[in-house]
Amino acid sequence: MMIIPTYNERDNIEPLVTRIRKSAGDEPILFVDDNSPDGTAGEIHRIQQQQPNIHLTVRPGKGGYSSACRDAMKQILRENLADHIIQADADLSHPPEALPRMIELLKTYPVVIGSRYVDGGGSKNWDLRRRLLSRAGNAYARLLTGVPVHDMTAGFVGYQVEALRKIDFDGIRSEAYAFLMEIKLNLHRAGVTFYEFPIIFTERDAGKSKFSSSIMLEGIMYPLRALKERIVGRA
């Protein structure tokens, strides 16, 4: 089952579902929409009338990316809805064409990451500054957290549900990039192993990026907090 948080992604929903269906058949999709003012939920409702296995949770306000993922994961685990969960973005930055390989790899590995920073991976429509910033940020996060993953801010991630049962979702408080790091760190501390395979990340064509200075600051601060916890833990 896929988890896709949405906020003002109306124009991306139909092409996203079309590409998922072409690549992964009737893989269930759970959209979590934060009451988007652009009518994203209405567009998902429309597609539900035409497509099987499309599910939608509409939340009353803008609760944020992290809580959308956590709430959906907890629901799937609580109700035993699937044996794997695949987290992806709605903006078509994560290639649905990689889903068959991810689903196949999840039969063997507890956590599978679609990675920009292993051989064959990369990003499209980014300038040199953003490429360097992202690569340096991921190296920084890997070094400080101690998690053996090259793409710590990857958001295209598949999990066996039994791996997710090993962590405490209520203890995860970070948002955005920091959330992506924190969940990986929690899994690593629980003894879960990772497998990275290459994808090409594509910058969005439609809609507005949710990236902000506060998201960037949290992404810088979280690895420092993780390093402090590592040092205190050794004392």
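The values are calculated or read from the model by the stated rules, or taken from the named source; none is laboratory data. Worth saying up front: this structure is predicted, and the values here are computed from it rather than measured. Quick reminder, even Gly has a Cβ in these numbers, built from the backbone with ideal geometry, and neighbours come from all protein chains shown. For accessibility, only protein heavy atoms count, side chains too; no ligands or nucleic acids. Shrake-Rupley method; radii C 1.70, N 1.55, O 1.52, S 1.80 Å.
In this Cβ point-charge picture (+1 for Lys and Arg, -1 for Asp and Glu), segment 82-225 has a dipole of about 380 debye about its Cα centre. Take 91-100, 180-189, 37-46, 54-63 and order them by the average number of nearby Cβ atoms within 10 Å per residue, most first; the result is 180-189, 91-100, 37-46, 54-63. Using a probe radius of 1.4 angstrom, the carbon and sulfur fraction of the accessible surface of the chain is 53%.
Is segment 1-111 rounded, prolate or oblate when judged by the Cα gyration tensor, a ≥ b ≥ c being the square roots of its eigenvalues, rounded requiring a/c under 1.5 and prolate requiring a/b larger than b/c? In terms of gyration-tensor shape, oblate.
Under the classification rounded if a/c is under 1.5, otherwise prolate if a/b is larger than b/c and oblate if not, where does segment 86-235 fall, given a ≥ b ≥ c as square roots of the Cα gyration tensor eigenvalues? If you can, show how the numbers build up before the last one.
Working: a/c = 1.66, a/b = 1.15, b/c = 1.45.
Note, shape of segment 86-235 comes out oblate.
Per the Kirkwood formula applied to alpha carbons, segment 110-150 shows a radius of gyration over Rh ratio, Rg over Rh, of 0.99.
Using the structure shown, select from 184/228; 22/62; 62/124 the pairs with a Cα to Cα distance greater than 20 angstrom. Among 184/228; 22/62; 62/124, the Cα-Cα distance tops 20 Å for 22/62; 62/124. Over segment 31-72, the fraction of Cα-Cα pairs per 10 Å bin, rounded to whole percents and listed from the shortest bin up, is 29, 52, 19.
Per residue, the solvent-accessible area of the chain (1.4 Å probe, heavy atoms of protein chains only, all protein chains present) comes to 48 Å². Helix 213-234 and the long axis of the chain differ in direction by around 40°, with both axes built from C-alpha atoms. The amide H of residue 64, built 1.01 Å from its N in the peptide plane, has no neighbour under 5 Å, considering only residues 5 or more places off or on other chains.
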